[in-house]
Ligand code: FPP
């Protein structure tokens, strides 16, 4: 059994048992704007460093054997931000996708997307399609970036698709189960996250993976996303491993 130890001031020493990792970790990338403002920088500088932190954490998750990593990069509500900020986030996503297209086959990392891709510009949509096509040929760790994603929006989309199948006569309303509804979601085929991490000090879901997080363990930290390190990830995983998951049983 491989263990990693650390001690942070004010916190008990902890350890990660690498033979008992969560299979799926979800992260809300929060705190980029405040990180930048604290340094007298424009908010966009925080997103740039946040994108680097994502690279580091995604690579590390792959290295330690996390099967699925899902991150909330842009919500359906984030379009309300200033145009320049939205533009920066979109160009960071574009750069990441271009890099991924060059490296995912070599690294055997699948890159998927959740959300309504309709409002994205044509170039970004093309890159998303390209990443999806490459991922279809791969088997490795799956990294999923949520763009123009909203949990309620996802559920409404799924309900609409199911209703259309009912109208087409391929399924009957009474046949719907939790399992079959799962197949209508953007996350079809992906196991639910066991651990949801939210850096940035807020303690809410903000419309992220509402259906999928029914039994997730939540880990909140004041650390801002650009400052999130492998040690922070260890801390989150160790906290998860100390929890007693009962799923409604005793
Ligand atoms: C939330 O922090 C962060 C976002 C809305 C954008 C996240 C996007 C990236 C890190 C860039 C690209 C992502 C990838 C995956 C390559 P905030 O701005 O709401 O922070 P605040 O609460 O401090 O204002």
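Do the sum for the chain: with -39,500 (n - 2.57) for every DSSP H run of n ≥ 4, divided by all residues, what is the mean residue ellipticity at 222 nm, to the nearest 500 deg cm²/dmol? Walk me through the intermediate numbers first.
Working: 7 runs with 105 residues, N = 250.
Mean residue ellipticity, 222 nm, calculated: -13500 deg cm²/dmol.
Take every DSSP beta bridge whose two residues both sit in the stretch 65-198, then give the antiparallel share in percent to the nearest 5.
On the way: 0 of 12 bridges.
That works out to approximately 0 percent antiparallel.
Assuming 0.36 nm per residue, please report the length gained on full extension of the stretch residue 81 to residue 130 beyond their Cα-Cα distance.
Working: separation 49, 0.36 × 49 = 17.64 nm, distance 2.77 nm.
Contour length minus Cα-Cα distance gives 14.9 nm.
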Assertion target for 44, 103, ordered by fewest C-beta neighbours within 10 angstrom first, is 103, 44
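Under the 0.36 nm per residue contour assumption, what length would be gained going from the current alpha-carbon distance of residue 222 and residue 188 to full extension? Could the numbers behind the result be given before it?
On the way: separation 34, 0.36 × 34 = 12.24 nm, distance 3.17 nm.
This chain segment gains 9.1 nm when fully extended.
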Assuming 0.36 nm per residue, please report the length gained on full extension of the stretch residue 122 to residue 230 beyond their Cα-Cα distance. 35.4 nm
Just rank 164, 104, fewest to most, by other beta-carbon atoms within 10 angstrom. 164, 104
Based on other C-beta atoms within 10 Å, arrange 19, 135 from fewest to most. 19, 135
Quickly work out the residue 98-to-residue 39 label distance, labels modelled 7 Å from Cα along the C-beta direction, and quote it in nm with one decimal. 2.3
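Just so you know, all these numbers are worked out from the coordinates, no wet-lab data involved. The model shown is predicted, which means the values in this text are computed figures rather than measured ones. A quick note on method: Cβ atoms are made from the backbone with ideal geometry, for glycine too, and the neighbour counts reach across all protein chains shown.
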